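All remarks here apply to the structure that follows.
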Amino acid sequence: MPNSLKTLGEYIIENQTHFQYAEGELSRLMNSITLAAKVVNHEVNKAGLVDITGASGNENIQGEQQQKLDVFANTVFINTLKRRDIVCGFASEEEDDFVIVPEEEGGFHHKYIVLIDPLDGSSNIDVNVSVGTIFSIYRRVSPVGTPVNQSDFLQKGRNQVAAGYIVYGTSTMLVYTTGHGVNGFTLNPALGTYYLSHPNMQFPQTGKVYSINEGNYVHFPQGVKDYIKYCQREEEDRPYTSRYIGSLVSDFHRNMIKGGVYIYPTSSKAPKGKLRLLYECNPMAFLAEQAGGKASDGYVSILDIEPTELHQRVPFFVGSVKMVEKAESFMAMYPHEH
Ligand code: AHG
Ligand code: MN
Ligand code: MN
């Protein structure tokens, strides 16, 4: 690594003021996330070697098979964050209900909550394809000194104080925002240090990539079908290229760098969509907006949706502004489908 590259630690210290009212707490929180990510990264990297891959036999609350590494990553992130004395509660894809950090662990007096998808794209592990972790951070709204409650977790995405993801890919990267743009850090695995490799990441205004699981085409709403046909039509810069990894983190990451749109719509099979508002769509939407992109449910901004349940699903359109707007214009032709 050239000397000129800033480390994540240096970056955090230099940008302390990005964390409003935080007095170093959010920096400690970020530090523990990056530490947990190193542990998970190490485990994900050797997934092909040890008998840790494959279904663990349990189903999560949404009836999906949990992979062993999902459970491992969940435990690592929650335990690492708990030890820093900052977090009063967690919500996770892998936990049926939110987790209250007990008073014995000082939880009632801490100010931040973390929502997490510990391992995103986990069905890709067995085939050596990139997976990720997604996180979202809020200040609690309940009074300090009490246990966290549901209202702390059901906040609008607009209230996020930080959000990001780790992609365990050909390189491992941390990409995050505190509301002052988006920065990407690449892990040098030999040193265990993250370097600022992608300062001020920006979605190109438009792009040529559309990412959607087209196998579900016949089940999609008419607006999405029409948009797919638009992407495929021979005209100016079209047809677009289709790219779908099946790991939201990886598909989003590629689209942010190259320009593109990712869509996981409703379908007759998944009438509310598949992705979870609180720990998949909200953090990605915050990142998208901070990187000059856009995120919506096809009609309204993701960050303005009032959540009603912890594991709520929502249709998701995210990426380059012009592409998301174009897709929305097709959705608007079928308002009754909203
Ligand atoms: P998770 O592994 O956390 O359950 O998330 C998988 C998600 C997302 O990462 C991906 O884009 C999408 O599911 C893929 O779904 P399909 O296989 O239905 O396309
Ligand atoms: Mn996921
Ligand atoms: Mn997951």
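Structure summary
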| read-out | value |
| --- | --- |
| Pair list, Cβ < 6 Å and 6+ apart or interchain, from the stretch 1-23 residues that are in a loop (DSSP other than H, G, I, E, B) to residues that are at pLDDT 90 or above and of a type outside the set (K, R) | M1/N188; M1/Y195; L5/Y195; K6/L196; F19/T178 |
| Residue within the stretch 34-44 that is among the charged types (D, E, K, R) and modelled with pLDDT under 75 present | no |
| Selection count where residues are open to solvent by less than 60 Å² (accessible area, probe 1.4 Å) and assigned to a helix (DSSP H, G or I), scope the stretch 220-250 | 11 |
| Number of the condition not met by F330 [criteria: (1) under 24 Å from H219 (Cα atoms); (2) of a type in the set (A, V, I, L, M, F, W, C); (3) within 16 Å of ligand 1 (Cβ to nearest atom)] | (3) |
| Filtered residue count, the stretch 84-99, keeping only those that are at pLDDT 95 or above and among the basic types (K, R) | 0 |
| Looking only at the stretch 265-285, and only at residues there that are away from ligand 1 (no atom under 13 Å from the Cβ) and in contact with a Leu (Cβ under 8 Å, 6 or more places away or on another chain), the one that is nearest to H253 (Cα to Cα) | A285 |
| Residues located in the stretch 58-107, provided they are among the basic types (K, R), surrounded by 14 or more Cβ atoms within 10 Å (Cβ to Cβ) and away from ligand 1 (no atom under 16 Å from the Cβ) | K82, R84 |
| Qualifying positions in the stretch 251-260 - more than 7 Å from ligand 1 (Cβ to nearest atom), open to solvent by less than 10 Å² (accessible area, probe 1.4 Å) and not aliphatic (A, V, I, L, M) | F252, N255, G259, G260 |
| Qualifying positions in the stretch 100-119 - in contact with a Phe, Trp or Tyr (Cβ under 6 Å, 6 or more places away or on another chain) and within 16 Å of ligand 3 (Cβ to nearest atom) | V114, L115, I116, D117, P118 |
| Answer residue from the stretch 126-146, given it is more than 20 Å from M30 (Cβ to Cβ) and open to solvent by less than 20 Å² (accessible area, probe 1.4 Å) and is nearest to ligand 1 (Cβ to nearest atom) among those | V131 |
| Selection from the stretch 243-273 of residues that are free of Cβ contacts under 8 Å to residues at least 40 places away in the same chain and more than 29 Å from N183 (Cβ to Cβ) | P271 |
| Among the candidates Y264, Y279, residue that is out of contact with any Asp or Glu (no Cβ under 7 Å at 6 or more places or on another chain) and outside the structural domain of T170 (by TED's automatic domain parsing) | Y264 |
| In the stretch 147-163, the residues that are surrounded by 22 or more Cβ atoms within 10 Å (Cβ to Cβ) and over 25 Å from L248 (Cβ atoms) | V148 |
| Some residue of the stretch 53-60 being out of contact with any helix residue (DSSP H, G or I) (no Cβ under 6 Å at 6 or more places or on another chain), at pLDDT below 90 and within 15 Å of ligand 2 (Cβ to nearest atom) | yes |
| Those strands (runs of 3 or more DSSP E) lying entirely in the stretch 120-209 with at least 3 residues farther than 24 Å from D85 by Cβ, in the same structural domain as E95 (by TED's automatic domain parsing) and within 16 Å of ligand 2 (Cβ to nearest atom) | 162-168 |
| Residue count, the stretch 252-290 (criterion: farther than 20 Å from G63 by Cα, small (G, A, S) and in contact with a strand residue (DSSP E or B) (Cβ under 6 Å, 6 or more places away or on another chain)) | 3 |
| Selection status of I245, closer than 20 Å to K208 by Cα and within 16 Å of ligand 3 (Cβ to nearest atom) | yes |
| Considering residues of the stretch 296-319 that are in contact with a Leu (Cβ under 7 Å, 6 or more places away or on another chain) and in a strand (DSSP E or B) only, the residue nearest to ligand 1 (Cβ to nearest atom) | F316 |
| Criterion (free of Cβ contacts under 8 Å to residues at least 40 places away in the same chain and of a type outside the set (A, V, I, L, M, F, W, C)) met by exactly one of G132, G145 | G145 |
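The values are calculated or read from the model by the stated rules, or taken from the named source; none is laboratory data. If you're wondering where the values come from, they're calculated on a predicted model, not measured in any experiment. Note that we place each Cβ from the backbone using ideal geometry, even for glycine, and neighbour counts take in every protein chain shown. Ligands, DNA and RNA are excluded from the accessible area calculation, which covers all protein heavy atoms including side chains. Shrake-Rupley method; radii C 1.70, N 1.55, O 1.52, S 1.80 Å.
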